[in-house]
Amino acid sequence: MLIHGAAGAVGSIAVQLARGVGARVIGTGRAADRDAALGLGVDAFLDLQADKLEDAGEVDVVFDVIGGDILDRSTALVRAGGTLVTIAAPPKVRPEDGRAIFFIVEPDRARLTDLAQRLRHGRLKPIVGAILTLPEAPAAFAPDRRTRGKTIIQVTGG
Ligand SMILES: NC(=O)c1ccc[n+]([C@@H]2O[C@H](COP(=O)([O-])OP(=O)(O)OC[C@H]3O[C@@H](n4cnc5c(N)ncnc54)[C@H](OP(=O)(O)O)[C@@H]3O)[C@@H](O)[C@H]2O)c1
């Protein structure tokens with residue numbers, strides 16, 4: 001499986017879930033993301049600025065969070081019968097002999113509870129970018145705000 005943005009907020013969780021079910025994972029990102037991605041358990045890291053995406057070879061699944069040209073070029077990596085999943089934008093190009101899936105996530109109590117349990121038991125490591133108080137919460141959703149990793153909204157003090 002190839003996971004784009006492997007050290008990002010979504011990608012870092014995807015890497016760990018994929019490794020958890022035994023997938024061999026190639027993570028991608030920028031050079032500065034290499035150590036974080038390897039620390040999360042990727043088997044190989046591809047620097048999208050320095051390495052050639054096409055050198056990743058064929059994979060069963062591509063999970064994309066970047067979109068654009070990277071998404072378009074990733075379709076060619078999908079092995080026959082494989083799947084391209086993107087959460088960035090509806091794909092314009094599809095794998096020749098495979099599925100392409102775009103979706104917008106909907107909150108699901110059962111799945112969130114499962115993720116919370118994994119976090120609690122240390123089976124899932126979040127990359128925490130910022131911890132904000134409840135009054136600061138609206139700022140967390142500002143469209144121009146860029147933070148590495150997940151943002152925690154601390155509802156109670158302490
Ligand atoms: N469809 C849905 O339901 C859904 C749900 C959640 C998120 N999303 C979308 O998914 C995307 C990712 O969200 P996120 O929270 O994981 O963002 P994030 O934490 O910024 O992670 C994205 C990662 O990809 C890297 N990256 C982006 N463009 C790159 C490029 N051209 N070359 C190399 N690395 C690149 C980023 O590096 P830099 O930070 O250095 O750029 C970052 O490490 C966002 O567009 C978000 O809106 C969609």
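The values are calculated or read from the model by the stated rules, or taken from the named source; none is laboratory data. Quick caveat: nothing in here was measured; it's all calculated off a predicted structure. In this analysis, Cβ positions are derived from the backbone assuming ideal geometry, glycine residues included, and neighbour counts consider all displayed protein chains. All accessible areas refer to the heavy atoms of the entire protein, side chains included, with ligands and DNA or RNA removed. Shrake-Rupley method; radii C 1.70, N 1.55, O 1.52, S 1.80 Å.
Here are the numbers for this structure:
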quantity: Rounded percent of accessible protein surface that carbon and sulfur make up, the chain, 1.4 Å probe; calculated: 55 percent
quantity: Sum of -39500 (n - 2.57) over DSSP H runs of 4+, divided by residues of the chain (222 nm, nearest 500); calculated: -7500 deg cm²/dmol
quantity: Charge tally in the Cβ shell below 13 Å around residue 129, where Lys, Arg are +1 and Asp, Glu are -1, residue 129 excluded; calculated: +4
quantity: Karplus-derived HN-Hα couplings along region 101-113 (A = 6.51, B = -1.76, C = 1.60, θ = phi - 60°), whole Hz, x at Gly and Pro; calculated: 10, 10, 8, 10, 5, 10, x, 9, 4, 5, 5, 5, 5
quantity: Net charge of neighbours whose Cβ lies under 15 Å from the Cβ of residue 151, counting Lys and Arg as +1 and Asp and Glu as -1; calculated: +2
quantity: Solvent-accessible area per residue, Å², over region 23-158 with all protein chains present [probe radius 1.4 Å]; calculated: 66 Å²
quantity: Inter-label distance for residue 120 and residue 47, nm, one decimal - labels placed 7 Å from Cα along Cα-to-Cβ; calculated: 4.1 nm
quantity: Estimated dipole of the chain in Debye, rounded to 20 [Cβ of Lys and Arg +1, of Asp and Glu -1, Cα centre]; calculated: 600 debye
quantity: If the convex hull is drawn through the Cα atoms of the chain, its volume per residue in Å³; calculated: 134 Å³
quantity: Summed side-chain charge close to residue 98 - residues other than residue 98 whose Cβ falls under 14 Å, Lys, Arg +1, Asp, Glu -1; calculated: -2
quantity: Farthest positive-ward along the chain dipole, Cα basis, beta-carbon charges - from 66, 139, 44; calculated: 139
quantity: Loop chymotrypsin sites (Phe, Trp or Tyr not before Pro), region 52-132 (other Cβ atoms within 10 Å of the site Cβ: 14 or fewer; DSSP); calculated: 103
quantity: Spatial separation of Cα centroids for region 1-46 and region 68-147, in angstrom; calculated: 13 Å
